[in-house]
Amino acid sequence: MIALQRSPDVQQSHRLRLNTLIRLRWLAIIGQSVTVLVVAYGLRFPLPVGPCFALIACSAWMNLLLAFRYPAAHRLTPWAAMGILVFDSIQLAGLLYMTGGLTNPFSLLLTVPVVISATSLPLVLTALLGVMVMAAASLLAFFHLPLPWYEGNELAMPFIYVGGIWMAVLSSIAFTGIYAFRVAKEARLLANALAATELVLQREQHLSALDGLAAAAAHELGTPLATITLVAREMEKALGDDPKFRDDVTLLRSQSERCREILKRLTSLSSEGEAHLARLPLTSLVEEVIAPHRDFGIRIELKAGERIGPEPVGRRNAGVIYGLGNLVENAVDFARSAVTVRWSWNDDRVTFTVIDDGPGFPPEILDRIGEPYMSTRQHAGRGGGLGLGMFIAKTLLERSGATIEFRNSSGPGEGAVVAVAWQREIFLNPEAAAGVAFDTA
């Protein structure tokens with residue numbers, strides 16, 4: 001569990017595929033070439049076509065060099081990706097210098113390298129690139145060739161207008177960079193958390209499948225063990241009262257019989273007890289969830305609520321057991337002396353509630369509990385915080401069709417309250433949710 005709660009691998013999540021940048025650059029090369037041709041030969045504006053295509057050719061040469069030098073699936077280190085994006089920014093700034101600077105409507109494209117960096121590179125490198133692009137935009141506001149316009153007429157832009165464009169470009173770089181970085185970071189954290197959730201669920205399902213593996217092993221070992229037993233009996237008959245081998249043959253036969261009894265118990269465990277192990281009443285589920293957390297110096301009190309109708313008998317679900325167990329574990333971590341577990345059922349709902357007498361949830365993050373890699377409670381004692389573990393528990397329980405409510409108790413001596421509830425229709429209909437399916441006992 002500790003290994004699953006580590007932060008995502010920064011090196012892997014910040015490695016951008018080279019093929020992605022190559023494709024984006026080819027798209028930029030095509031767009032730049034078409035724009036130069038349309039302005040120079042379509043609109044017939046005076047334009048330094050040769051120098052412009054020289055810069056575009058540099059970009060194409062860089063693409064060809066990278067494509068032949070590295071495989072398509074190659075992933076760049078953050079600094080290598082940073083170097084490529086710096087090259088793209090300089091190339092674009094050069095084109096803007098020859099075509100009007102910030103008065104060129106395409107000056108807004110200066111934000112593109114920063115946005116790409118924000119979605120895939122560390123924050124420090126993105127900030128460095130953003131500062132460099134902002135400096136280039138500031139220089140372009142003062143130093144640039146005239147904006148291509150009808151020959152004989154120069155389109156003079158008021159400096160206050162150029163200043164407004166400069167402010168707009170800088171604001172766009174800052175806002176889009178920060179926004180893209182935040183969105184990409186949350187997406188990476190969520191992807192890593194969901195992967196950890198799948199890993200936990202697979203592990204729990206693997207443990208549940210050990211019973212079937214034991215039955216398969218018993219079946220496969222049954223035939224060779226029967227052969228060994230038969231040979232041992234024949235050897236015992238052939239040797240008779242030979243004092244040299246009698247004790248060894250007797251021991252061999254007795255141990256083979258013992259192995260057969262063990263295999264018989266494994267087989268009966270899988271066949272006769274399979275239905276019993278696969279289904280359990282709600283009270284048995286509660287006991288199984290809290291059993292691993294009893295001996296940690298915190299008193300666990302069990303309180304049954306309203307019980308209307310027969311007790312639900314549910315299908316054993318590894319994800320639900322793990323999720324409820326994680327809620328109890330967190331309550332034990334943060335409790336001062338006691339944790340209360342309540343459960344109830346009626347004609348409409350089945351509920352499971354965990355209450356601890358700890359400090360409770362900070363009000364400012366109460367609505368965000370369950371987000372991955374977010375610590376919600378600081379505790380000087382045993383607990384370290386609710387982060388990925390709570391996200392995994394919440395995800396697994398919601399997959400079973402449950403709704404989860406986090407709140408602070410208003411009762412004296414009570415802290416945090418986590419209430420889990422299922423609609424009884426989901427209990428009665430296994431297809432209604434991809435998780436726990438209950439029916440009436």
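So between Phe53 and Arg316, what do we pick up on full extension, going 0.36 nm a residue minus the alpha carbon distance? Write out the running numbers ahead of the final one.
Numbers: separation 263, 0.36 × 263 = 94.68 nm, distance 6.79 nm.
Full extension from Phe53 to Arg316 adds 87.9 nm.
What share of all Cα pairs of region 81-197, in percent, falls into each consecutive 10 Å distance bin?
14, 39, 26, 13, 5, 2, 0
Can you give the FRET efficiency to the nearest 0.05 for Cys259 and Glu306, using r as the Cβ-Cβ distance and R₀ = 60 Å? Write down the numbers at each step before the final one.
On the way: r = 51 Å, r/R0 = 0.85.
Rounded to the nearest 0.05, the efficiency is 0.70.
Hey, what's region 279-367 come to in accessible area per residue, 1.4 Å probe, Å²?
Working: 3890 Å² over 89 residues.
So region 279-367 comes to 44 Å² accessible per residue, rounded to a whole number.
Please compute the modelled spin-label separation between Lys185 and Asn408, points set 7 Å along Cα→Cβ, answer in nm with one decimal.
2.6 nm
Take the Cα gyration tensor of region 97-156, multiply each eigenvalue by 5, square-root it, and list the three semi-axes largest first, rounded to whole angstrom.
Details: eigenvalues 177, 24, 6 Å².
Each semi-axis is the square root of five times an eigenvalue, giving 30, 11, 6 Å.
Over region 128-189, what lengths in whole Å, largest first, do the semi-axes of the equivalent ellipsoid take, defined as the square roots of 5 times the eigenvalues of the alpha-carbon gyration tensor? It would help to have the intermediate numbers written out before the result.
Numbers: eigenvalues 216, 26, 22 Å².
So the three semi-axes of region 128-189 are 33, 11, 10 Å.
How would Lys394, Lys185 line up by accessible area, probe 1.4 Å, largest first? Intermediate values should be presented prior to the final figure.
Working: Lys394 50, Lys185 85 Å².
Of Lys394, Lys185, the descending order of accessible area is Lys185, Lys394.
Determine the distance separating the Cα centre of region 103-157 from the Cα centre of region 159-184; give it in Å without decimals.
10 Å
Kindly state, as a whole number, the per residue volume in cubic angstrom of the convex hull around the alpha carbon atoms of region 32-139.
Working: hull volume 11.2 nm³, N = 108.
Convex hull volume per residue, Cα atoms: 104 Å³.
Along each of its three principal axes, how wide is the spread of alpha-carbon positions in region 287-349, in whole angstrom units, largest first?
36, 25, 15
The values are calculated or read from the model by the stated rules, or taken from the named source; none is laboratory data. Nothing here was measured: the structure is a model prediction, and the numbers come from that model. FYI the Cβ positions are ideal-geometry reconstructions off the backbone, even for glycines, and counts take in every protein chain you see. Remember, those area values only see protein heavy atoms, side chains included, never the ligands or the DNA or RNA. Shrake-Rupley method; radii C 1.70, N 1.55, O 1.52, S 1.80 Å.
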